[in-house]
Each structure stands twice: as structure tokens, then as C-alpha cells.
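This report refers to the structure that appears directly beneath it.
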Amino acid sequence: FFSHRLFVRSSRSKTAMAGDQTAEDQPQVVDCIPLIEAASKQKVLGNGAVKQKNFAQAISAYESGIAILDKADGHPVLRSEGEEMVTLKATLYSNIAQCFLSQELYRRAIEAADSCLKLDPDHLKALHRRSLAFEAIHSYQAALLDLQALRRLQGLSIETLDQREAALKEKQANVERSTKQEEEDKADDPVGMAMTNVKERFDEICDKYDLRDGDAAGEVADWLTSGEWEVTAKRVAQRFKMEEEDAQVFLAWIAQGLDFKVRNAEAQAEAAAMAPSPSLLDS
């Protein structure tokens, strides 16, 4: 971790020194140049890691740069240096968004882009990256809103904007048609459709947290069948470092799977019991 001291520009004037006010009464302005330089070095390190496709290392460097700039929070700074720090911090958040986007961690990319856009609402790259992340998680309406902002700011070519807008509108229309069809199907088969929806979310969560090749589902299933402790969404979220809402769906699908196995075994046992004895069959 980096340690950077806050350098202070003394605002003591000759008049104040002569006796009207003490130096302590004067506001002390932080010298932000060392912070800006240190944070800029972290940005360079992060950019180098991105070129090597080491996105985790890049994110760590960008976050270190943000932490360095945060040291000036709550202190008076020169306007020009304050504006430079805000611009640099916005860039670091936008770069983090790109790293998460490259890792297909779309919700985290959205969060990073949000942080950038709070500092600079017209940040073109952050708007573009957030639009792509929204599209990836099928939030087409939100993606279209960011695309409209890019159109207003002339952030992309007209041809590119037109193509993306047409594609997003078509995807949104498909979602609306699919939703309508699901609602109609659900009326005919509510239980089956409910399981289908949970399975789709379960697959999304496995992709989001890279759990497809792991033993997470089996571990949770063992928890459920052991009866040694109460299995809650909070416990699952803590164990696999996921959002609690995602943990609820993850847990629900595994529980449904176990319940299905139990019911299937019971049905097989019942069928076996009802089957005629071999000795009663026609020879």
C-alpha cells in the first residue's frame, strides 16, 4: 500500500505575520501535485497491466491511484489542481469499468462506470462502456439511454450510433415478446415455468462468479442434506463472495434440484412396489 503525505502550502501573509491573525487562523491549502503524480504513476502501471491482459492487477493499480487522490478529500485545494484530480479519478474509474467489462463482470463494470459518471456526467468512454455492460446483462432500455447520451455528446459516429440503436431496439422488442409469451405459458404451467426462470438465473450467476467448473453447487447441496446448520442466502453469499440476491437464486435452484431428486426417487420406489411379481407374469 502507498503512503503519501499531504504537503501544505502556507497561506500566511506578511500582514498576518505582523500580528492581525496567527498562521493557524489562515486556511491551509494542500499541495496536490505529489498526489496527482503518484496517482498518475498508478494509472501508467494499470495501463501496462491491461496491455498484458492482467486485468486484476490493472484494477488494483487503478484503485491504488484513486486511494491516493482520496487523501485530499476534506482539505482545501487549488481549483486547478482539484479539477485535475477529479479528471484523473474519473479516468481511473472508467478504466476499471473497462477491466471488468473485459472480464465479463458486467454488473461491476456498471458500478465502476457509475462512479466515473458521478464525477463527470459527460465522460464518453464511461457512457459507452456502461452501455455495453447494460446490453450484456440484457438491460437494453438502460443501454439505449446511455446511447442517447452519446448521441447528444457526439461520442460515436452517426453510423455506429444508428447501428447500435437499431440492434438494441430489436433486442428490447424480442425481450418484450418473450416476456409476453412466458406470461402466457406460465398461466398454463406455472410450476414448470418458475423452474425454468430460476435455472436461467442460476446459469447467469454461475457465469457471473465463474462457478461453472467449481464445486460450489455440490458444496451447497451437501450443506442442505447434512442438516448440520441452517443454510441461508447470507451464508452462501459470504462463502462464494456473491451478492445476496444472487445467492438466494443460487440456493433456490439447488434446493429445487434436491427436492426433485427426492420426489423422483419416491416415484420410482412407488412404481417398483406396484409392479407385478415375476411369478405372476404370463410365461
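The values are calculated or read from the model by the stated rules, or taken from the named source; none is laboratory data. None of the values given here were measured: they were computed from a predicted structure. Here the Cβ positions follow ideal geometry from the backbone for every residue, glycine too, while neighbour counts run over all protein chains shown. We work out accessible area using only protein heavy atoms, side chains counted, and drop any ligands, DNA or RNA first. Shrake-Rupley method; radii C 1.70, N 1.55, O 1.52, S 1.80 Å.
Considering each residue of segment 85-92 in turn, at least one proves to be within 26 Å of A136 (Cβ to Cβ) and of a type in the set (S, T, N, Q).
Mind checking which helices (runs of 4 or more DSSP H) fall wholly inside segment 181-283 and carry at least 2 residues that are among the aliphatic types (A, V, I, L, M), modelled with pLDDT under 75 and open to solvent by 70 Å² or more (accessible area, probe 1.4 Å)? Full working, then the answer.
Numbers: elements: 190-208, 216-226, 233-240, 244-274.
So the answer is 244-274.
When the helices (runs of 4 or more DSSP H) confined to segment 57-150 are screened for residues that are surrounded by fewer than 16 Cβ atoms within 10 Å (Cβ to Cβ) and over 19 Å from the mean Cα position of the chain (by Cα), those reaching at least 2 such residues are found at 79-102. For the residues I96, I110, the requirement of being at pLDDT 95 or above, under 24 Å from D246 (Cβ atoms) and in contact with a Gly (Cβ under 9 Å, 6 or more places away or on another chain) singles out I96.
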